[in-house]
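First up is the structure itself, then whatever we jot down about it.
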Amino acid sequence: MKKLFVFILLIITVVNILIFTSDKKWLYKAFYITYLQGYTSSYINDFVHFPANIIDNGTHQSWPISKQYNNTKLPEFASAINDSLETVALLIIKKDSIAFEEYWHGYSADTISNSFSMTKSWVSTLIGVAIRDGKIKSVNQKVSDFIPEFANRKNSKITIKHLLTMSSGLDWDEDYYNPLGKTAEAYYGENLRDLVLNLKAIDPPGITFKYHSSCTQILAFIIEQATSQSIDKYMQEKLWKPLGARNPALWSVDKKNGDEKAFCCINSNARDYARLGKLYLDNGLWNGVPIIDSSYSKEAIRAAELKNIAGYKNTNYGYQFWLAKRKNLNIFYARGLWGQYMICIPEKDIIIVRLGRKYGEKLNDGHRNDFYAYIDAALEMFP
């Protein structure tokens, strides 16, 4: 027993030495937020452990309630998935009216949770807003116009479009399970700016789609430089208030008075996440008022002309939106870790928002089986 204690003590000492010598002190924070709270990774309400900036709402524009509201039961296969994957919110909007809405595990229409990478689609939209505002010339503008660190030879060819389409060629490994990797450091660390602005290109840009969060974080820094505003204030002024959000949102930052984690961490509710879907279904208009140009909104949900890492034609990704087909219907959606979805089916005028604690099995086409299940359920309920 004494030998075991000495061995454990030795391991702890070695780990601490490695953390200090590798300058990865943020691992202590990660350990506290995850393992000491009973988790092994991030979770939808871990935002309570991070500092955040408030995105204030303005005049609330409520969603109309359909005459069919909650008259149609959720199919059994969808209920089974909700149970097994611990769905906390499921919202279906048909023709701009809430047709179905249900909450579980103590959640309600006002409960906020982490959108994770659904945030990326909001950041893309802010790029569209900045272009409409004349703060950015076009998606083809060089990143180095805003970020001096990108003026070096390897990074100088990267454009905003390359970041939007995840084809920057930057050296980043999107690994959610490596506690020592860049993605974990971006999430739990306290120096996002240095982490992403010091990245170097290892592949030529504009050729291969390779998903990684640094692209979105750099887009956020571009927005701030172009607009002379913090991204949360620009979001508040240009999207959250004009879209009539129900509640204020929280945008997690890397440290107090630090930078917003633009790749992951807007925290809000299902009804307010759905507003982004309506904006794109209406080609960039909100109740007739232009928010982004229709040309940008259409391009954002069109597959970028790239190859994927397997060498095949990209069919799944636009400007920080995922793309799919189901039952001959075109679909675009925002997607976050653990199955956060804001799904749009334009031909049916349907928006689906699902929030939850787990996601389904990843399929060969890059999407997950639970994603398709929510679509099938909505189409069965509201054909």
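Values quoted throughout were computed directly from the atomic coordinates according to the rules given, and no laboratory measurement underlies them. Bear in mind the structure is a predicted one, so any value in this text is a computation, not a measurement. Neighbour counts run over all protein chains shown; Cβ positions are idealised from the backbone, glycine included.
Out of curiosity, is residue 318 more than 23 Å from residue 295 (Cβ to Cβ) and among the small types (Gly, Ala, Ser)? Lay out the reasoning, then the answer.
Details: more than 23 Å from residue 295 (Cβ to Cβ): no; among the small types (Gly, Ala, Ser): yes.
Answer is no for this residue.
A quick yes/no check of all residues on (1) closer than 22 Å to residue 100 by Cβ; (2) in contact (Cβ under 8 Å) with a residue 24 or more places away in the chain:
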site	(1), (2)
306	no, yes
317	no, yes
326	yes, yes
361	no, no
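Within the stretch 26-49, how many residues are touching a Phe, Trp or Tyr at 6+ places or on another chain (Cβ under 6 Å) and surrounded by fewer than 18 Cβ atoms within 10 Å (Cβ to Cβ)?
Step one: filter the stretch 26-49 for residues touching a Phe, Trp or Tyr at 6+ places or on another chain (Cβ under 6 Å), giving 26, 29-30.
Going one step further and asking which of them are surrounded by fewer than 18 Cβ atoms within 10 Å (Cβ to Cβ), we end up with 29.
Qualifying residue count, the stretch 26-49: 1.
So, in the stretch 265-286, of the ones that are of a type in the set (A, V, I, L, M) and more than 23 Å from residue 251 (Cα to Cα), which residue ends up farthest from the chain's Cα centre (by Cα)?
Step one: filter the stretch 265-286 for residues of a type in the set (A, V, I, L, M), giving 266, 270, 274, 276, 279, 281, 285.
Subset that is more than 23 Å from residue 251 (Cα to Cα): 281, 285.
Working: 281: 19, 285: 22 Å.
Going through the qualifying residues, I end up with 285.
Taking the criterion of being surrounded by fewer than 19 Cβ atoms within 10 Å (Cβ to Cβ) and in a helix (DSSP H, G or I), would at least one residue in the stretch 237-257 satisfy it?
yes
For residue 180, state whether it is of a type in the set (A, V, I, L, M) and surrounded by fewer than 21 Cβ atoms within 10 Å (Cβ to Cβ). Outline the logic, then answer.
Numbers: of a type in the set (A, V, I, L, M): yes; surrounded by fewer than 21 Cβ atoms within 10 Å (Cβ to Cβ): yes.
Against the criterion (of a type in the set (A, V, I, L, M) and surrounded by fewer than 21 Cβ atoms within 10 Å (Cβ to Cβ)), residue 180 qualifies.
Here are 81, 55: which of them is closer than 17 Å to residue 263 by Cα and of a type in the set (Val, Ile, Thr)? Step through it out loud before you land on a result.
Details: 81 fails: closer than 17 Å to residue 263 by Cα.
Every option except 55 fails the conditions.
When the stretch 88-122 is examined, which residues are found to be part of a loop (DSSP other than H, G, I, E, B) and surrounded by 24 or more Cβ atoms within 10 Å (Cβ to Cβ)? Quick ask: steps written out before the conclusion?
Quick first cut of the stretch 88-122, residues part of a loop (DSSP other than H, G, I, E, B) only: 95-96, 104-112, 115.
115 - this is the single residue of the stretch 88-122 that is part of a loop (DSSP other than H, G, I, E, B) and surrounded by 24 or more Cβ atoms within 10 Å (Cβ to Cβ).
Being aliphatic (A, V, I, L, M) and under 19 Å from residue 193 (Cβ atoms) is the filter here, so list the residues in the stretch 131-173 that pass it. Walk me through it before giving the result.
Of the stretch 131-173, the ones aliphatic (A, V, I, L, M) are 131, 136, 139, 143, 147, 151, 158, 160, 163-164, 166, 170.
Answer for the stretch 131-173, where residues must be aliphatic (A, V, I, L, M) and under 19 Å from residue 193 (Cβ atoms): 143, 147, 151, 158, 160, 163, 170.
For the stretch 291-317, how many residues meet the condition of being assigned to a helix (DSSP H, G or I) and either buried (at least 16 other Cβ atoms within 10 Å of the Cβ) or among the hydrophobic types (A, V, I, L, M, F, W, C) (or both)? Walk me through how you get there before you give the answer.
Applying the first criterion (assigned to a helix (DSSP H, G or I)) to the stretch 291-317 yields 294-300.
With either buried (at least 16 other Cβ atoms within 10 Å of the Cβ) or among the hydrophobic types (A, V, I, L, M, F, W, C) (or both) added as a condition, the list becomes 296-297, 299-300.
Matching residues across the stretch 291-317 total 4.
Among the residues of the stretch 153-163 satisfying the criterion of being among the hydrophobic types (A, V, I, L, M, F, W, C) and touching a helix residue (DSSP H, G or I) at 6+ places or on another chain (Cβ under 6 Å), which is surrounded by the most Cβ atoms within 10 Å (Cβ to Cβ)? Walk me through how you get there before you give the answer.
Going residue by residue through the stretch 153-163, those that are among the hydrophobic types (A, V, I, L, M, F, W, C) are 158, 160, 163.
Pick out the ones that are also touching a helix residue (DSSP H, G or I) at 6+ places or on another chain (Cβ under 6 Å) and you get 158, 163.
Values: 158: 24, 163: 26.
Taking the candidates together, the pick is 163.
If I filter the stretch 347-381 down to residues being in a helix (DSSP H, G or I) and in contact with a helix residue (DSSP H, G or I) (Cβ under 6 Å, 6 or more places away or on another chain), which single residue comes out as farthest from residue 120 (Cα to Cα)? If you could, list the steps in order and put the result at the bottom.
Start the filter on the stretch 347-381 by keeping residues that are in a helix (DSSP H, G or I), which leaves 347-348, 369-381.
If we keep only those that are in contact with a helix residue (DSSP H, G or I) (Cβ under 6 Å, 6 or more places away or on another chain) as well, we get 370, 373, 377.
Working: 370: 21, 373: 23, 377: 26 Å.
The extreme case among them is 377.
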